[in-house]
Amino acid sequence: MILDLKKLKLRSVNEKLQNIDRKKNKRDFVISNPEGNHAICAGLTENIDVTIKGHVGYYCAGMNQNANIIVDGNVGTGVAENMMSGKVHVKGNASQSAGATAHGGTLIIDGDASSRCGISMKGIDIIVKGSVGHMSAFMAQSGNLVVCGNAGEALGDSLYETDIYVKGKVKSLGADCEEKKMSKKHKTKLKELLKKAGSNIKPEQFKRYGSARKLYNFNIDNVSNY
Amino acid sequence: MCGIVGIYLKSKKFEKSLGEMLSKMLVSMESRGPDSAGFAIYNSDKNKIYKYSICLNEMSFEKFKKEIKKKLNFTNIEKNSDHIILKSIEKPNKILPILESFVEISLVGYGKSIEIFKQVGSPSNVVKKFNLDNFSGTHAIGHTRMATESAITTNGSHPYSTGEDECLVHNGSLSNHNNLRRKLKKNGSIFNSDNDTEVAAGYISDSLKKRNLKQTLNKGLSDLDGFYTFIAGTHSGFAVLRDEIACKPAVIAETKDYVAISSEFQAMAHLPNVNNAKIFEPEPGIVYSWEK
């Protein structure tokens, strides 16, 4: 079913996708002419397939549950922010705060993601085939961030328990983020994540970063690191 | 929040439709800036005539025409709503003091190629009022304002022009503008508002006396403190700079015919062939410039 945003109002398109009648069994949707609109496919709850043909604005696929959303273009700030489950695949580049605060699901970005990718992520798996900008995985709490390109300044600043894998160069690590040993368990997990994103890069080419766990609780000796 | 937009034409193909392209961009940025709007449009500077863009404010056109004729022999005045473009072969050092003697009016910009129009009200009303759709040119910059730190007035609207054929639009806020204004005033800069962006424009004009635009903005990274995405225009093109934290958005679309920049992609969705353009976000702390 094609939903043309040149003819239909954004709100009516979102309402339709948010209130799917399971009995009618329509599970495939294409959104045409997104023209940079904000909040397209926000708040979907059913297991449906949506392909967006073109570039979108802010908060695309925000709060997603179960839906499988493909964006054939670039996305603005906060794609898949606070996603709970499901899958979002961006074929172009993403702006800042991709996958912010998301609790679950998978976000795949074929291009680059800019600053603050995975900020405060809480369980989502993010796979970026290009590079990420500064302050990525800031205060990230759980889940995995895989970067096949390079990472900008202050990667993983104030990190909790997210695993970060980077293939390229890291400009600098943030406070309390350090390089970690890549064990067999991590290699298996990384291989599985790369496979999800259709990438056959070898896990051995990545380095793993995680929390040094020194800033979990306030300690006066660490005051200059905050 | 504010909206900023700009188009630089790499070929002649869209020169006639530049105004129309910019107008749609400004209107779609109304959600980011409903308080006032303005634009600077550059047209060929082959002749020696200077154009002075003036907002008449409360003064009537007839009164201005009568008064200016007493002080200048040859003038050509074009009226566009409450703005006028005064054309003269006389140089700015002669004309500017004369215009200063008219206390009611605001000089919003001058140069051989620039024309500036800005006014309070929604962007859709402002572009309609000045008939932006009918303008042609080589490059143009626009702004929609959501006022935060100074009043909603014509003088508080962008673009700011503080030098010949120069202009600046800004999304963000500066925190060291008062100090910088004092410093620049000592060196002879003149400011007409309390606005932070006017200070940045003055800073750029002051620096352009010694450096080119790219060098100026690179120096600005250490001298201008605050949040910003800037588009700075000169007679030959424009440059874009985001502060190093990059809180304020910007997206660029480049084709073989034009470079467009805006706060959000939706402002560019109507541009010709935009879906095949190279679309990217300018990286923080890096100056991007396009010049003839």
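The values are calculated or read from the model by the stated rules, or taken from the named source; none is laboratory data. Keep in mind that this is a model prediction, so the values were computed, not measured. We place every Cβ from the backbone using ideal geometry, glycine too, and count neighbours over all the protein chains shown.
Considering only region B:174-202, state which residues are out of contact with any helix residue (DSSP H, G or I) (no Cβ under 6 Å at 6 or more places or on another chain), outside any loop (DSSP other than H, G, I, E, B) and not aliphatic (A, V, I, L, M).
Within region B:174-202, B:178, B:179, B:182, B:183, B:185, B:186, B:197, B:198 qualify.
Between a residue in region A:167-195 that is in a strand (DSSP E or B) and any residue that is of a type in the set (Asp, Glu), which pairs come within a Cβ distance under 7 Å, given they are 6 or more apart or on different chains?
A:177/A:157
Could you check, for region A:147-160, whether at least one of its residues is surrounded by fewer than 18 Cβ atoms within 10 Å (Cβ to Cβ) and in contact (Cβ under 8 Å) with a residue 40 or more places away in the chain?
Within region A:147-160, none of the residues are surrounded by fewer than 18 Cβ atoms within 10 Å (Cβ to Cβ) and in contact (Cβ under 8 Å) with a residue 40 or more places away in the chain.
Sort through B:70, B:65, B:48 and tell me the only one that's among the charged types (D, E, K, R), in a loop (DSSP other than H, G, I, E, B) and over 19 Å from residue B:168 (Cα atoms). Please lay out each step first, then the result.
Values: B:70 fails: in a loop (DSSP other than H, G, I, E, B); B:65 fails: in a loop (DSSP other than H, G, I, E, B).
So the residue among B:70, B:65, B:48 that is among the charged types (D, E, K, R), in a loop (DSSP other than H, G, I, E, B) and over 19 Å from residue B:168 (Cα atoms) is B:48.
Among B:210, B:214, B:248, which is the only one that is within 12 Å of chain A (Cβ to nearest Cβ), out of contact with any helix residue (DSSP H, G or I) (no Cβ under 7 Å at 6 or more places or on another chain) and among the basic types (Lys, Arg)?
B:248
Exactly one condition in (1) within 25 Å of residue B:31 (Cα to Cα); (2) touching a Gly at 6+ places or on another chain (Cβ under 7 Å); (3) not small (Gly, Ala, Ser) is false for residue B:162; which is it?
(1)
Would you check if there is a residue in region A:52-64 being more than 17 Å from residue A:105 (Cβ to Cβ), of a type in the set (A, V, I, L, M), within 14 Å of another protein chain (Cβ to nearest Cβ) and touching a Pro at 6+ places or on another chain (Cβ under 6 Å)? Steps first, please.
Step one: list which residues in region A:52-64 are more than 17 Å from residue A:105 (Cβ to Cβ), which gives A:53-58.
Remaining after also requiring of a type in the set (A, V, I, L, M): A:56.
Now narrow it down to the ones that are within 14 Å of another protein chain (Cβ to nearest Cβ): A:56.
Okay, now just the ones that are also touching a Pro at 6+ places or on another chain (Cβ under 6 Å), so A:56.
So far as region A:52-64 goes, yes, one or more of its residues are more than 17 Å from residue A:105 (Cβ to Cβ), of a type in the set (A, V, I, L, M), within 14 Å of another protein chain (Cβ to nearest Cβ) and touching a Pro at 6+ places or on another chain (Cβ under 6 Å).
Matching residues to (1) of a type in the set (A, V, I, L, M, F, W, C); (2) without any contact (Cβ under 8 Å) to a residue 40 or more places away in the chain; (3) away from every other protein chain (no Cβ under 12 Å):
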position: B:258; (1), (2), (3): no, no, yes
position: B:269; (1), (2), (3): yes, no, no
position: B:277; (1), (2), (3): yes, yes, no
position: B:281; (1), (2), (3): no, yes, no
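So which residues in region B:170-224 are hydroxyl-bearing (Ser, Thr, Tyr), closer than 25 Å to residue B:29 by Cα and buried (at least 20 other Cβ atoms within 10 Å of the Cβ)?
The one that is hydroxyl-bearing (Ser, Thr, Tyr), closer than 25 Å to residue B:29 by Cα and buried (at least 20 other Cβ atoms within 10 Å of the Cβ): B:197.
From the list A:81, A:179, exactly one residue is closer than 18 Å to residue B:247 by Cβ and away from chain B (no Cβ under 13 Å). Which is it? Steps first, answer last, please.
Details: A:179 fails: closer than 18 Å to residue B:247 by Cβ.
It is A:81.
Residues of region B:224-283 being closer than 19 Å to residue B:160 by Cβ, in contact with a Lys or Arg (Cβ under 7 Å, 6 or more places away or on another chain) and not in a loop (DSSP other than H, G, I, E, B), which ones?
Within region B:224-283, B:227, B:228, B:229, B:237, B:239, B:242 qualify.
Let me spell it out: the conditions are (1) in a helix (DSSP H, G or I); (2) closer than 13 Å to residue B:228 by Cβ, and residue B:158 meets all of them except one. Which number is the exception?
Residue B:158 satisfies all of (1) in a helix (DSSP H, G or I); (2) closer than 13 Å to residue B:228 by Cβ except (1).
Go through region A:200-226 residue by residue and tally those that are at pLDDT 95 or above and under 20 Å from residue A:149 (Cβ atoms).
Residues that pass the stated criteria total 10.
Quick check on this structure: which one of A:43, A:99, A:92, A:36 is part of a loop (DSSP other than H, G, I, E, B), on the phi > 0 side of the Ramachandran plot and within 12 Å of chain B (Cβ to nearest Cβ)?
Checking each option against the conditions leaves just A:36.
How many residues are within 22 Å of the chain's Cα centre (by Cα) and either surrounded by fewer than 17 Cβ atoms within 10 Å (Cβ to Cβ) or within 21 Å of residue B:20 (Cα to Cα) (or both) when one looks only at region B:271-282?
1
Can you tell me which condition residue A:163 does not meet? The list is (1) crowded, with 20+ Cβ neighbours inside 10 Å; (2) more than 12 Å from residue A:209 (Cα to Cα); (3) of a type in the set (Asp, Glu), and all the others hold.
(2)
Matching residues to (1) buried (at least 16 other Cβ atoms within 10 Å of the Cβ); (2) of a type in the set (Phe, Trp, Tyr):
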| site | (1), (2) |
| --- | --- |
| B:64 | yes, yes |
| B:69 | no, no |
| B:83 | yes, no |
| B:86 | yes, no |
| B:95 | yes, no |
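Which of the numbered conditions does residue B:40 fail, given that it passes all the others? Conditions: (1) surrounded by 14 or more Cβ atoms within 10 Å (Cβ to Cβ); (2) more than 17 Å from the chain's Cα centre (by Cα).
(2)
Testing residue B:13 on (1) more than 18 Å from residue B:167 (Cα to Cα); (2) in a helix (DSSP H, G or I); (3) modelled with pLDDT of 95 or more, one condition comes back false. Which one is that?
(2)
Scan region B:225-236 and tell me whether some residue there is within 11 Å of chain A (Cβ to nearest Cβ) and surrounded by 18 or more Cβ atoms within 10 Å (Cβ to Cβ). Walk me through how you get there before you give the answer.
Going through region B:225-236, the residues within 11 Å of chain A (Cβ to nearest Cβ) turn out to be none.
No, that holds for no residue.
Among residues belonging to region A:17-26 that are farther than 23 Å from residue A:82 by Cα and not polar (S, T, N, Q), point out the one that is nearest to the other protein chains (Cβ to nearest Cβ).
Among those that are farther than 23 Å from residue A:82 by Cα and not polar (S, T, N, Q), it is A:26.
Here is a list of conditions, (1) over 25 Å from residue B:148 (Cα atoms); (2) more than 19 Å from the chain's Cα centre (by Cα), and residue B:214 meets all of them except one; can you say which number that is?
Against the list (1) over 25 Å from residue B:148 (Cα atoms); (2) more than 19 Å from the chain's Cα centre (by Cα), residue B:214 comes up short only on (2).
Might you let me know whether region A:111-121 holds any residue that is away from chain B (no Cβ under 14 Å) and over 25 Å from residue B:249 (Cα atoms)?
Checked against the condition, which is being away from chain B (no Cβ under 14 Å) and over 25 Å from residue B:249 (Cα atoms), region A:111-121 yields no hits at all.
Please work out if residue B:108 is closer than 13 Å to residue B:33 by Cβ and either crowded, with 17+ Cβ neighbours inside 10 Å or among the aromatic types (Phe, Trp, Tyr) (or both).
no
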